[in-house]
Amino acid sequence: MGALHSMAHDYEYLRRTLDAMARRVQHALHDSLQALRRSDTIGAGQIIHDDPDINALQQDIEDLVARFITQWQPVLRDLRRVLAILTVAGELERIGDYAKQVASYVRRAKEDRHPLMMTTDLLEMGNMTEDILSTSIAAFLAEDPAAARTVATFDDRIDARRHEIIAAIRETVLHDRSSLDAVIASIAITHILERVADRATNIAERTIYLATAAHESLNE
């Protein structure tokens, strides 16, 4: 009983570390979108500066997982849970990189003296991206496959919104060639947000596998 209790304690510490990393990534994404809305280069610079902290948390999780497996040699569900945390940490690290990329576009636009095209649709896409990320993380931490499956609807909506934004942006550049730099940046940002949604969907799929031991695609 003592060994089982100790293993559960170590797993809970690993889970809390992942939760801390998830919170940092969520804040980074939120702050990058706020910097985008406000053309806030100082806020953007802070996101870029803090990105190594997210990378360090991923490395901490990798070390904890290695020690957990070495010490406890988990099998079946316990092994799935630990490996799922390792996979999700990798997805979160990439999302942190995407937040840094958005921040980099904000800073570059200021340096190059061209405005960013902040349309209502792009702002809404940012909000939707934050929602899908928070939903997927909550589902994973709760090991809730039903909640994870709702992510598919978010992902479809984000994909559709991206296509609408790109169509509108193309129309803009046809009538105003001077906006080309802003158009290129806006298209890149919509792609980044779509990739965040794809990573969040991966987390949701990992949740379903964790809970059911079955692979299920939510992004077909």
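The values are calculated or read from the model by the stated rules, or taken from the named source; none is laboratory data. Being a predicted model, the structure only gives us computed values, none of them experimental. For neighbour counting, all protein chains shown are included, and Cβ atoms are generated from backbone atoms with ideal geometry for every residue, glycine included. The accessibility values were calculated without ligands, DNA or RNA, using every heavy atom of the protein model including side chains. Shrake-Rupley method; radii C 1.70, N 1.55, O 1.52, S 1.80 Å.
A few comments on the model shown:
- Think of each Lys and Arg Cβ as +1 and each Asp and Glu Cβ as -1; about the Cα centre, that makes the dipole of the chain roughly 180 debye.
- Between the helical axis of 120-142 and the longest alpha-carbon principal axis of the chain there is an angle of about 0 degrees.
- Prolate/oblate/rounded call for the stretch 1-62, Cα gyration tensor, a/c under 1.5 rounded: prolate
- Residues considered: V82, V173, V102. Largest GNM mean-square fluctuation over the chain, using C-alpha springs under 10 Å, is found at V173.
- Of all accessible heavy-atom area on the chain, the percent that carbon and sulfur account for (1.4 Å): 51
- Tail fraction, Cα-Cα pairs, the stretch 18-130, threshold 19 Å, whole percent: 52
- Distance between the C-alpha centres of the stretch 131-174 and the stretch 10-45: 18 Å, rounded to the whole angstrom.
- Per-residue ³J(HN,Hα) for the stretch 38-46, Karplus 6.51 cos²θ - 1.76 cosθ + 1.60, θ = phi - 60°, Hz, x for Gly and Pro: 9, 6, 8, 6, 5, x, 4, x, 5
- Theoretical gain in end-to-end length, S134 to R113 [0.36 nm per residue, Cα-Cα removed]: 4.2 nm
- Normalised alpha carbon radius of gyration of the chain [divisor 2.2 N^0.38 Å]: 1.13
- Total charge dipole magnitude, the stretch 58-175, about the Cα centre, Cβ charges on Lys, Arg, Asp, Glu only, Debye to nearest 20: 180
- Here's the picture: charge each Lys and Arg Cβ at +1 and each Asp and Glu Cβ at -1 in the chain, and of F154, Q71, V183 the one pushed furthest to the positive end of that dipole is V183.
- Whether the stretch 128-186 is rounded, prolate or oblate, judged on the alpha carbon gyration tensor where a/c under 1.5 counts as rounded: prolate
- Built amide H within the under 5 Å cut-off of D40, gap 5+: none
- When the chain is treated as a Gaussian network with alpha carbon springs shorter than 10 Å, the biggest mean-square fluctuation among V183, V75, V106 belongs to V75.
- Degrees between helix 180-212 axis and first principal axis of the chain (Cα, 0 to 90, nearest 10): 20
- For the stretch 77-215, the solvent-accessible area of protein heavy atoms averages 45 Å² per residue (probe radius 1.4 Å; ligands and nucleic acids excluded).
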